[in-house]
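In what follows, a structure is listed as structure tokens, so that the remarks can point back to it.
What follows draws every value from the coordinates through simple rules; no lab data is involved. Note that the structure is a prediction, hence the values are computed from the model and not measured. Backbone-built Cβ (ideal geometry, glycine too); neighbour counts: all protein chains shown.
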Amino acid sequence: ERLYNRYQSAGWQEHTDMLRTHYRMHDEIAALVAATYNNLLESARDSQKQALEEQDSLEMFNKRLLWIECPASTEDYYDPLQVQIINKLIQSFQAKGYINDPERDLGIVAPFRAMIYALRKELTGFTIYTVERFQGSERRIIILCLPLRKASMLKNLQSLNEDGQVDRKLNVALSRAIDRLIIVGNSSICRKAKHFNDLYKHIRANGIITNYQEIGVTNGKPNTSEPTEHQD
């Protein structure tokens, strides 16, 4: 990145180029990171342009982009309610036949070890990692959970470039998804950071924003002990 910026500032554009063709994300997901690549990304497969084949009676399953709104976490670095939400989501996807191979079809991105610990206690057979561990991987469905208690914790989720125009962590997390991307978080907190605010507004315009209660989760505490590990 530093080398590229040096060439750009020196006016040596003839010495730089970018790989524009990608084979992973559906176009609706790729649109979330398009600005990072100066809107030059081009999808290579027909499947990256196709509409969802099946239309479900529940509207949230008819969109590739979904934000599930939930309260701010009551704990630091993990959220028992978000564990319930993700568990319910997975059950719904499995019941509808959207998840056949847990390892291949679904990945859960969590920012803290404590949240990963809590999720792994409830879910088996699924890949649950931090965004750093997910780099280079892909899954048909990606769930990104944002267990935040207060806005000051947003800095732990971000990795901004020098001019603040790119959040590297968020860019990697979003671009792991092939067919569907689900965000679980509290928008009042998340929208205090520019890139998460842009993400929320894009999903509101092009996907579905729904409340956690609408997927059949009540605000009860699951039967799990408190994790002892904290920030990744």
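Observations on the model:
- Size of charge dipole - the stretch 64-114 - debye, nearest 20, with Cβ of Lys, Arg +1 and Asp, Glu -1, no other charges: 220
- Point-charge dipole on Cβ atoms (K/R +1, D/E -1) for the chain, about Cα centre, debye to 20: 360
- Here the Debye sum runs over all C-alpha atoms of the chain as equal scatterers in vacuum, and log10 of I(q)/I(0) at q = 0.12 Å⁻¹ comes out as -0.67.
- Sum of -39500 (n - 2.57) over DSSP H runs of 4+, divided by residues of the chain (222 nm, nearest 500): -8000 deg cm²/dmol
- Two-site FRET efficiency, T210 against Y4, from Cβ-Cβ distance with R₀ of 41 Å, rounded to 0.05: 0.55
- Cross-link partners of K192 among lysines (Cα-Cα below 17 Å; sequence separation of 8 or more within a chain): K150, K155, K169, K201
- Mean projected area (nm²) of the alpha-carbon convex hull when the stretch 63-115 is viewed from all directions: 4.4
- Percent of beta bridges antiparallel (DSSP, the chain, rounded to nearest 5): 5
- In nm, spacing of pseudo-spin labels at L123 and H202 (7 Å Cα→C-beta vector): 2.2
- Efficiency of FRET from Cβ geometry, A95 and E162, R₀ 41 Å, rounded to 0.05: 0.35
- Alpha-carbon centroids, the stretch 12-46 and the stretch 162-211: separation in whole Å: 18
- Rounded to the nearest 20 debye, dipole of the stretch 10-133 from Cβ charges on Lys, Arg, Asp, Glu: 260
- Of the trypsin sites (Lys or Arg not before Pro) found in the stretch 125-174, the ones in coil according to DSSP and having at most 14 other Cβ atoms within 10 Å of their Cβ are K150.
- The residues packed around R168, meaning those with a beta-carbon under 13 Å from its beta-carbon, carry a net charge of -4 if Lys and Arg are +1 and Asp and Glu are -1.
- Against the main long axis of the alpha-carbon atoms of the chain, helix 194-206 sits at an angle near 70°.
- DSSP bridge pairs, the stretch 94-232: antiparallel proportion in percent, nearest 5: 5
- Within straight-line cross-link reach of K49, lysines at Cα separation under 16 Å, skipping those fewer than 8 residues along the same chain: K63
- With the charge dipole of the chain set up from +1 on Lys and Arg Cβ and -1 on Asp and Glu Cβ about the Cα centre, the Cα lying farthest toward the positive end among the listed residues W67, A95, M25 is that of W67.
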